[in-house]
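Enquirer: Here it is: the structure, laid out below.
The values are calculated or read from the model by the stated rules, or taken from the named source; none is laboratory data. Remember, predicted model here, so these are calculated numbers, not experimental data. Quick reminder, even Gly has a Cβ in these numbers, built from the backbone with ideal geometry, and neighbours come from all protein chains shown. In case anyone asks, the SASA skips ligands and DNA or RNA and just uses the protein heavy atoms, side chains included. Shrake-Rupley method; radii C 1.70, N 1.55, O 1.52, S 1.80 Å.
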Amino acid sequence: MRIDCHTHTHNSPDADPNSVLERCSAALDAGLSVMAVTDHCEVNRFFSLAHYGERHSEYDTYDFGAAFEASMQENTAAKEQCPSGLTLVCGIELGQAILDLPMANHIVSDKRLDFVIGSIHQLENHEDFAFLDYNALDVNELLHRNFAAIQALAQTDTYDVIGHITYALRYIANAGIQVDMAPFRDEIAEIFKTIIAKDKGIEVNTSGLRQSYGDCFPTLEYLKLYHDLGGDILTVGSDAHTNADLGSGIDAGLDMARAAGFQCVCYFENRAPRFVPL
């Protein structure tokens with residue numbers, strides 16, 4: 001089975017304007033057996049701009065509450081119309097849950113959800129990692145703060161897997177900056193221990209393979225660390241925002257899972273992992 005557990009549709013503001021059913025048809029064309037639609041829901045911008053009073057960044061998009069409801073309605077309807085041969089998973093990528101934990105807990109209580117990816121796309125009082133000027137920042141200090149935020153997220157119950165744990169490296173690489181990751185290994189190990197203790201998981205996000213970074217998030221080194229610490233819940237996702245990227249890098253991600261020692265990967269139904277042998 002080829003499974004893609006991280007995809008976006010027109011219900012994400014940064015994705016191509018394809019409906020869920022259009023994504024389903026493209027998923028079959030890409031040879032997928034399971035596809036999770038995990039459109040963005042940024043908790044710190046759940047309401048309209050008027051609610052927050054001022055725009056903190058020119059790049060900020062608001063009213064993710066409306067986007068979430070649209071996604072849940074469309075995903076639920078599409079599950080009834082999904083083409084034969086494809087299992088459609090109703091998911092969400094929940095950003096920055098720790099910045100409004102009561103709201104995040106409310107969102108993930110929605111019974112329509114099969115699957116929740118928890119992500120940190122930005123730190124408090126910072127823009128999204130995609131828009132930072134890394135040449136004007138202490139990158140090591142920023143990464144320490146990032147992993148502290150991911151650790152705080154890991155301690156919550158607002159996710160099934162934590163997505164692209166080394167997400168920031170995508171944009172640091174774009175800025176031409178090389179990072180020595182050795183100082184962060186212990187912090188990442190502690191994140192993994194927290195995730196494992198809560199019987200939750202991580203994802204292998206393959207988007208970096210088609211970007212300047214050139215590898216998955218996280219890399220094989222950290223996937224082995226997660227496995228060796230006892231982690232067994234693992235999803236693989238392309239982070240596709242277009243039909244063309246559906247399933248992109250999934251085979252390489254599965255090969256990485258095997259190399260790290262995993263015998264299964266997962267997808268989720270009704271918030272429970274379904275293990276698929278590699």
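Enquirer: Rounded if a/c is under 1.5, else prolate if a/b is larger than b/c, else oblate: which is region 181-244, with a ≥ b ≥ c the root eigenvalues of its Cα gyration tensor?
Expert: oblate
Enquirer: Let me ask something additional. Measuring from the lowest to the highest alpha carbon on each principal axis, how far does region 33-101 reach, largest first, in angstroms?
Expert: Between the extreme Cα coordinates on each principal axis of region 33-101 lie 47, 22, 20 Å.
Enquirer: Of PRO218, SER57, LEU123, which is farthest on the positive side of the dipole of the chain, counting Cα position, with +1 on Lys and Arg Cβ, -1 on Asp and Glu Cβ, and the Cα centre as origin?
Expert: After comparing all options, I get PRO218.
Enquirer: Relative to the compact globular guide of 2.2 N^0.38 Å, what is the alpha carbon radius of gyration of region 76-116, as a ratio?
Expert: Compactness ratio reported: 1.44.
Enquirer: Given [x] 124; [y] 185; [z] 115, which label gives volume of the Cα convex hull per residue in Å³ as computed from the coordinates?
Expert: The value computed from this structure is option [z].
Enquirer: Show which lysines lie in cross-link reach of LYS200 when reach means a straight Cα distance below 23 angstrom and same-chain residues fewer than eight apart are skipped.
Expert: Cross-link targets: LYS111, LYS224.
Enquirer: If we count every other residue with Cβ under 10 angstrom of HIS121's Cβ, Lys/Arg +1 and Asp/Glu -1, where does the sum land?
Expert: Net of charged neighbours comes to -4.
Enquirer: Which of PHE147, PHE192, ASN174 sits closest to the plus end of the dipole of region 127-278, meaning its Cα is farthest towards the positive end, when Lys and Arg get +1 and Asp and Glu get -1 on the C-beta?
Expert: Looking along the dipole axis, the top candidate is PHE192.
Enquirer: Another question, then. What does the net charge come to around VAL34 if you take all other residues with beta carbon closer than 10 Å to its beta carbon, with K and R at +1 and D and E at -1?
Expert: 0
Enquirer: In whole Hz and in residue order, list the ³J(HN,Hα) couplings for region 150-155 that follow from phi through the Karplus curve 6.51 cos²θ - 1.76 cosθ + 1.60, θ = phi - 60°; x for Gly and Pro.
Expert: In residue order, the calculated couplings are 5, 4, 4, 5, 4, 7 Hz.
Enquirer: Using a 1.4 Å probe on the protein heavy atoms, what percent of the accessible area of the chain belongs to carbon and sulfur?
Expert: Its accessible area is 47 percent carbon and sulfur atoms.
Enquirer: Highest mean first, what order results for 116-122, 96-102, 156-162 on Cβ atoms within 10 Å?
Expert: 116-122, 156-162, 96-102
Enquirer: If the viscosity is 0.692 mPa s and the temperature 37 °C, what Stokes-Einstein diffusion coefficient in µm²/s follows for region 16-151 when Rh is the Kirkwood radius over Cα pairs? Spell out each step's value before the answer.
Expert: Numbers: Rh = 16.5 Å.
The estimated diffusion coefficient comes to 198 µm²/s.
Enquirer: Using the Cβ atoms and a cut-off under 10 Å, what net charge is assigned to the surroundings of LEU99, where Lys and Arg are +1 and Asp and Glu are -1?
Expert: Local charge sum for LEU99: -2.
Enquirer: Calculate the dipole size of the chain relative to its Cα centre from +1 charges on Lys and Arg beta carbons and -1 charges on Asp and Glu beta carbons; express the result in debye to the nearest 20.
Expert: Around 740 debye, computed over the chain.
Enquirer: Please give me, ordered by residue number, the GluC sites (Glu not before Pro) of region 52-127 that lie in loop per DSSP and have at most 11 other Cβ atoms within 10 Å.
Expert: Numbers: sites: GLU54, GLU58, GLU69, GLU74, GLU80, GLU93, GLU124, GLU127; in loops: GLU54, GLU58, GLU124, GLU127.
Passing both the DSSP loop test and the Cβ count: GLU54, GLU58, GLU124.
Enquirer: Over all distinct alpha-carbon pairs, what is the Kirkwood Rh of region 121-278 in angstrom?
Expert: Values: mean 1/r = 0.0622 Å⁻¹.
In region 121-278 this quantity evaluates to 16.1 Å.
Enquirer: Please calculate how many Å² of accessible area region 87-175 carries per residue, with a 1.4 Å probe and no DNA, RNA or ligand atoms counted.
Expert: 35 Å²
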